[in-house]
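Asker: Here it is, the structure, as structure tokens.
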Amino acid sequence: MRADEVKDASLAGKEVAVRGWVHRLRRQKENAFVLVRDDRGAVIQCVLPADKIAGLTIESSVEVTGTVSQDPRAPEGGFEIKGKEIKIYNVALEYPIGEYQSDELLLDKRHLALRTRKMIAIAKIRASVLNLGRRWFVENGWMEVTAPTIVKGAVEGGSTLFKLRYFDQDAYLSQSAQLYLEAMIFSLGPVWSLTPSFRAEKSRTVRHLAEFSHLEAEAPWVSLEDILKTEEQLVSYVIQNTIKERAEELAFLKRDISDLKKVVPPFERLPYEKAIDILRERGFQATEDDGSKRAIRFGDDLSIDSERELTKDADRPMFVVGYPIAVKPFYVKEDPQRSGVGLTADMLAPRGFGEITSGGQREDSIDSITGRMKKENLKPEDYEWYLDLRRYGSVPHGGFGLGIERLVRWITNADDIKDTILFPRTMSRVEP
Ligand code: 4AD
Ligand code: MG
């Protein structure tokens, strides 16, 4: 039986057997108090005669047999087991993770740290986010597809590519499924995928991973505004249902969810040039000469500090719309009415959590695409199949990509994105 199943008044006085791991252990003269954690993370106190647990250690695997007793003084929900027998499956070595540990040790021992209640809570919230994201797409008529993760070309610029030897040629780990999703919309309509994306991010930040879970979508016959509506509905649905499903875990993490409750469409659409005006009013300089972080030039991509400034008082995410195409990849469509402006938007999470999605309409003109590829030092020859999509019945289309870990970081209020994924990959970490 699991620990949570025992917490049932109708079982009081009955005999049960609970399997799990020793979460905490307190020995007294005659009795010992063993907190057993089951395989779903629920814990129950078992009281056993002290002589039955000689040699028992934290994280040993056990099965305790005894009678259920309802006792308001018992921790973890007012139930405990008066244990008669304990079967020990494995006596654990001295457990390296105690109550106070450095973040580095917890990362080195992540395969064991997964058993901490913080990691269990985050893993459950993450599972809800993934499941709800899927459900939203399925319920709204989008078809799930899978794109390859070994590819020939960059999507998001050449500087963050992981190169690998693929038999007798060079290939890369995919940065985004987007180009493949663009190929699929002609026969499959609106499509979505959840695949790992890889970025050789050479900076250490609290919001970049080298491998992340990428939820991406693409649809034919859509405008930028259609894409933004899709994004705000998806994100609102995921958040409203996650805070219902995972109220207990969010409370354990001490996440005050009053702001998350307000995440409903529509999200503000802030034009890029207005964002720059706001930053200027708040003292962001036009040059970076003084090394200040509070600087932004018109035409630059938004820095982490400028995103934080724009969203510091917000409860809901906002879209920054119409970035200069010069700072965006080759596939971004130029606004036919405004030269140099992209039909593109990033969704910024509130209070400095920063960008969680990028999306927009895709460029139709082959000349514009290949010209911009060359500016990015990419070879159009590597993208012949992609250019074919513009040669054979191209239609207005668009889509977006959402970083699951970025979204989970905001929902859980995690300091570092490494806390939102069980086995993080960063510049300095490929183990465990
Ligand atoms: O903004 P990005 O680079 O956009 C794309 O890849 C598009 N091709 C997506 C598309 O339109 N199909 O990445 C999309 C999102 C970002 O907004 C961010 O949430 C996340 O992916 N992301 C990362 N998350 C963690 N670590 C990284 N290094 C990330 N890079 C991007
Ligand atoms: Mg982006």
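The values are calculated or read from the model by the stated rules, or taken from the named source; none is laboratory data. This structure is a prediction, so every number in the text was calculated from the model and none was measured. Ideal geometry is used to build each Cβ from the backbone, glycine not excepted, and the neighbour counts take in all protein chains shown. Quick note on the areas: whole protein, heavy atoms, side chains included, nothing else; ligands and nucleic acids left out. Shrake-Rupley method; radii C 1.70, N 1.55, O 1.52, S 1.80 Å.
Asker: Tell me yes or no: at least one residue of the stretch 330-337 is in a loop (DSSP other than H, G, I, E, B), open to solvent by 30 Å² or more (accessible area, probe 1.4 Å), more than 15 Å from ligand 2 (Cβ to nearest atom) and free of Cβ contacts under 8 Å to residues at least 12 places away in the same chain.
Answerer: Yes, the stretch 330-337 has at least one match.
Asker: So, one more: From the residues in the stretch 86-123 that are small (G, A, S) and in contact (Cβ under 8 Å) with a residue 12 or more places away in the chain, which one is most open to solvent (accessible area, probe 1.4 Å)?
Answerer: By that ranking, first place goes to A123.
Asker: Let me ask something else about it. With the requirement that a residue be open to solvent by 90 Å² or more (accessible area, probe 1.4 Å) and either touching an Asp or Glu at 6+ places or on another chain (Cβ under 7 Å) or at pLDDT 95 or above (or both), what does the stretch 267-289 give you?
Answerer: If the condition is that a residue be open to solvent by 90 Å² or more (accessible area, probe 1.4 Å) and either touching an Asp or Glu at 6+ places or on another chain (Cβ under 7 Å) or at pLDDT 95 or above (or both), then E268, K274, R282 are the ones that fit.
Asker: Sticking with this one: Tell me which of these G399 doesn't satisfy, since it passes every other one: (1) within 16 Å of ligand 2 (Cβ to nearest atom); (2) over 24 Å from K274 (Cβ atoms); (3) free of Cβ contacts under 8 Å to residues at least 40 places away in the same chain.
Answerer: Going through the list (1) within 16 Å of ligand 2 (Cβ to nearest atom); (2) over 24 Å from K274 (Cβ atoms); (3) free of Cβ contacts under 8 Å to residues at least 40 places away in the same chain, G399 breaks only (3).
Asker: Being open to solvent by 40 Å² or more (accessible area, probe 1.4 Å), in the same structural domain as G360 (by TED's automatic domain parsing), free of Cβ contacts under 8 Å to residues at least 60 places away in the same chain and within 17 Å of the chain's Cα centre (by Cα) is the requirement here; does P190 meet it?
Answerer: no
Asker: Name the one entry in E405, E384, E376 that is within 16 Å of ligand 2 (Cβ to nearest atom), surrounded by fewer than 20 Cβ atoms within 10 Å (Cβ to Cβ) and of a type in the set (D, E).
Answerer: After ruling out the rest, the residue left standing is E376.
Asker: Quick check, is R297 in the same structural domain as L215 (by TED's automatic domain parsing) and exposed (fewer than 14 other Cβ atoms within 10 Å of the Cβ)?
Answerer: In short, yes.
Asker: Take the residues in the stretch 155-169 that are open to solvent by 40 Å² or more (accessible area, probe 1.4 Å) and in a loop (DSSP other than H, G, I, E, B), then tell me which one is farthest from ligand 1 (Cβ to nearest atom).
Answerer: D168
Asker: Among the residues of the stretch 193-213, are any over 22 Å from D419 (Cβ atoms) and either of a type in the set (D, E, K, R) or within 16 Å of ligand 2 (Cβ to nearest atom) (or both)?
Answerer: No: zero hits.
Asker: Scan the stretch 341-367 residue by residue and report those that are away from ligand 2 (no atom under 15 Å from the Cβ) and open to solvent by 30 Å² or more (accessible area, probe 1.4 Å).
Answerer: Correct list: R351, D364, S365, I366, D367.
Asker: Might you let me know whether the stretch 256-266 holds any residue that is over 18 Å from the mean Cα position of the chain (by Cα), open to solvent by 50 Å² or more (accessible area, probe 1.4 Å) and in contact (Cβ under 8 Å) with a residue 60 or more places away in the chain?
Answerer: No, the stretch 256-266 contains no residue that is over 18 Å from the mean Cα position of the chain (by Cα), open to solvent by 50 Å² or more (accessible area, probe 1.4 Å) and in contact (Cβ under 8 Å) with a residue 60 or more places away in the chain.
Asker: Okay, next question. How many residues does the stretch 225-255 contain that are assigned to a helix (DSSP H, G or I) and open to solvent by 60 Å² or more (accessible area, probe 1.4 Å)?
Answerer: 9
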